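Worksheet: one structure, shown below.
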Amino acid sequence: MTRHEMRFAGLWRAPLPPGTMYAKLADIARYPGWWPAFRSVRQTGERECEVVIRSMLPYELTVRLRPLVDDPVERVLEAELEGDIAGKVRWHVEGDGGHGCVASFAEHVSVRKAALRRWMPLARPFFHLNHAVAMRSGQHGVVAGAEPLGRRR
């Protein structure tokens, strides 16, 4: 891994049916409505969009996102990222023994935004913290407003 590369991974546990979680994660256009770090999503092609992301640190990332895998049967999503960061992101949603679901997340990116590249050696822990805050807000947002498991009509 080079000094400009970063890896992130995590799990979201939610009291939602796996299919509901998968559908929310697959619908990128609606992210700004429930995920505060996603400031905007703009369709740029049939299967591409441009997203603007900002968490707690005073910078925005503009990224073109192109889906590579969209498998509702296995509940796997994978996309290529290009822009201020470049790389891949992957989600896999599984059932959690009747208690809801677990969505696992993995991202491997290279920072391309010049201002951020300069600060990488010193700021890497802050970038990880910023990412963790963004992910936490997403986990809270995806559950808010969704009908919990066992309350479906």
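By its C-alpha gyration tensor, with a ≥ b ≥ c as the square roots of the eigenvalues, how is the chain shaped: rounded for a/c under 1.5, else prolate for a/b larger than b/c, else oblate? Don't skip to the answer; put the middle values down first.
Numbers: a/c = 1.88, a/b = 1.66, b/c = 1.14.
Prolate is the answer for the chain, as a/c is 1.5 or above and a/b outweighs b/c.
Relative to the compact-globule scaling 2.2 N^0.38 Å, provide the ratio for the alpha-carbon radius of gyration of the stretch 92-148. Intermediate values should be presented prior to the final figure.
Values: Rg = 15.7 Å, N = 57, 2.2 N^0.38 = 10.2 Å.
Normalised Cα radius of gyration, the stretch 92-148: 1.54.
With +1 on each Lys and Arg Cβ and -1 on each Asp and Glu Cβ, how big is the dipole of the stretch 5-143 about its Cα centre, in debye rounded to the nearest 20?
Values: 19 positive and 16 negative charges, 123 e Å.
That gives the stretch 5-143 a dipole magnitude of about 580 debye.
Suppose every K and R has +1 on its Cβ and every D and E has -1 on its Cβ; what is the size of the dipole of the stretch 7-75 about the Cα centre, in Debye to the nearest 20?
On the way: 11 positive and 8 negative charges, 51 e Å.
Charge dipole of the stretch 7-75: 240 debye, to the nearest 20.
How far is helix 114-143 tilted, in degrees, relative to the longest principal axis of the Cα atoms in the chain, given as a value from 0 to 90 rounded to the nearest 10?
Rounded to the nearest ten degrees, it is 10.
Convert each backbone phi in the stretch 42-55 into a coupling constant with the Karplus relation 6.51 cos²θ - 1.76 cosθ + 1.60 (shift: θ = phi - 60°), then list the ³J(HN,Hα) values in order as whole Hz, x for Gly and Pro.
10, 5, 10, x, 4, 10, 10, 8, 10, 10, 10, 10, 8, 10
Does the stretch 1-87 classify as rounded, prolate or oblate by the C-alpha gyration tensor (a ≥ b ≥ c root eigenvalues; a/c under 1.5 gives rounded; else a/b over b/c gives prolate, otherwise oblate)? The partial results should precede the final answer.
Details: a/c = 1.40, a/b = 1.35, b/c = 1.03.
Rounded shape, in that the Cα axes give a/c under 1.5.
What number, rounded to the nearest 500 deg cm²/dmol, is the helix-based mean residue ellipticity at 222 nm of the chain, given -39500 (n - 2.57) per DSSP H run of at least four residues and division by all its residues? Before the final figure, lay out the partial values.
On the way: 3 runs with 43 residues, N = 153.
-9000 deg cm²/dmol, from helical runs alone.
Which FRET efficiency value, to the nearest 0.05, is calculated for Phe8 and Ser40 with the Förster distance at 25 angstrom and r the Cβ-Cβ distance? Please list the in-between numbers first.
On the way: r = 21 Å, r/R0 = 0.86.
So the FRET efficiency works out to roughly 0.70.
Work out the charge dipole of the stretch 5-143 with +1 on the Cβ of Lys and Arg and -1 on the Cβ of Asp and Glu about the Cα centre, then indicate which of His140, Leu16, His99 is farthest towards its positive end.
Selected residue: His140.
Compare Ala134, Ala115, Ala106 in a GNM of the chain, Cα atoms joined below 10 Å, and give the one with the largest fluctuation.
Ala115
None of the figures in this text is laboratory data; all of them are computed from the coordinates on show. All values derive from a computational prediction rather than experimental measurement. Virtual Cβ from ideal backbone geometry, glycine too; neighbours counted across all protein chains shown.
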